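Written out below as structure tokens is the structure these notes cover.
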Amino acid sequence: MDYRKLVSVTLALALCVGIVGLVSGQTRSRNAASQNRFQTMEPLNLAVLIQDDLVSQVGNELGVTRDFIRSLPAGSRVMVAYITAGSLQVRQPFTTELEKAATSLRIPTSSTSSSPFNPYVEVKEALNKFDGSWSNANAVLLISDGLDTSRGFDSTAAGHTLDIDRVIGEANKKEVAVFSFYAPSVGLTSYNRLAASYGQSSLNRVSNETGGKAFFQGITGFVTFDSYFSRLRETLNRQYAKAS
């Protein structure tokens, strides 16, 4: 009887160890897959710019944004800054320490008191932070509602303001591609469809005319950044892959 009990206990322990090992292996596989979906092949000089008055749901996307920064190849440089109330708040100057850049992200204030006149004045300021001697490809990730009402809501104003033209000119001069994620602000773009459409049109023009790409889905509600980052990674790999 004691022998049979010993065998039973031994088999039970072996089964538990096997289950734990299987679960642990599955967890490692999931974690690896999570990192791989954001992995880019070539180092970048990347400025992450976040508009500070975006809706509070954007704060829930900090984790996936940190994961993307951490997944960049060694040798990448990252700057993290917030576009807030007419100024560029640099949280982390360009650094090759990706973890340091990732942890510098903070939750946006999601307050109209932080609303910029328009985001493009600060985007142009951020472009001046790029060093022409760097060898990696240069890119900006602009997370914004894209709205510039300096010319009002005239039908010809969307995407064609003086500050937008200046950003496009400066980005092309410095060879910086502007990629953009649309998210509504707590102001007009959270409830006004015309404002949201204008903002997206502006982001689309800036990205298209600087060699980047704009990502958005619809003009109402909020979409998580998960799919945006997957598509961004695919675009970066296609655009910056070195010829074999």
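The values are calculated or read from the model by the stated rules, or taken from the named source; none is laboratory data. Here the structure is a predicted model, which means the values were calculated and not measured. With ideal geometry, Cβ positions are generated from the backbone for all residues, glycine too; neighbour counts draw on all protein chains shown.
The table that follows gives values for the structure above.
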{"quantity": "The listed residue being in contact (Cβ under 8 Å) with a residue 60 or more places away in the chain and among the charged types (D, E, K, R), out of R233, R193, R151, R166", "calculated": "R233"}
{"quantity": "Options S180, S230; residue that is among the hydroxyl-bearing types (S, T, Y) and closer than 19 Å to L127 by Cα", "calculated": "S180"}
{"quantity": "Considering residues of the stretch 86-102 that are closer than 16 Å to T65 by Cβ and small (G, A, S) only, the residue surrounded by the most Cβ atoms within 10 Å (Cβ to Cβ)", "calculated": "A101"}
{"quantity": "Where G159 falls short, out of the listed (1) farther than 21 Å from T235 by Cβ; (2) modelled with pLDDT under 90", "calculated": "(1)"}
{"quantity": "Members of the stretch 67-111 found to be of a type in the set (S, T, N, Q) and either more than 25 Å from V55 (Cα to Cα) or in contact (Cβ under 8 Å) with a residue 24 or more places away in the chain (or both), listed by number", "calculated": "S71, S76, T84, S87, Q89, T95, T96, T103, S104, T109, S110, S111"}
{"quantity": "Residue that is nearest to the chain's Cα centre (by Cα) [pool: residues in the stretch 57-89 that are assigned to a strand (DSSP E or B) and over 25 Å from E42 (Cβ atoms)]", "calculated": "Y82"}
{"quantity": "Filtered residues of the stretch 185-235 (kept if buried (at least 21 other Cβ atoms within 10 Å of the Cβ), in a helix (DSSP H, G or I) and of a type in the set (V, I, T))", "calculated": "T189, V206"}
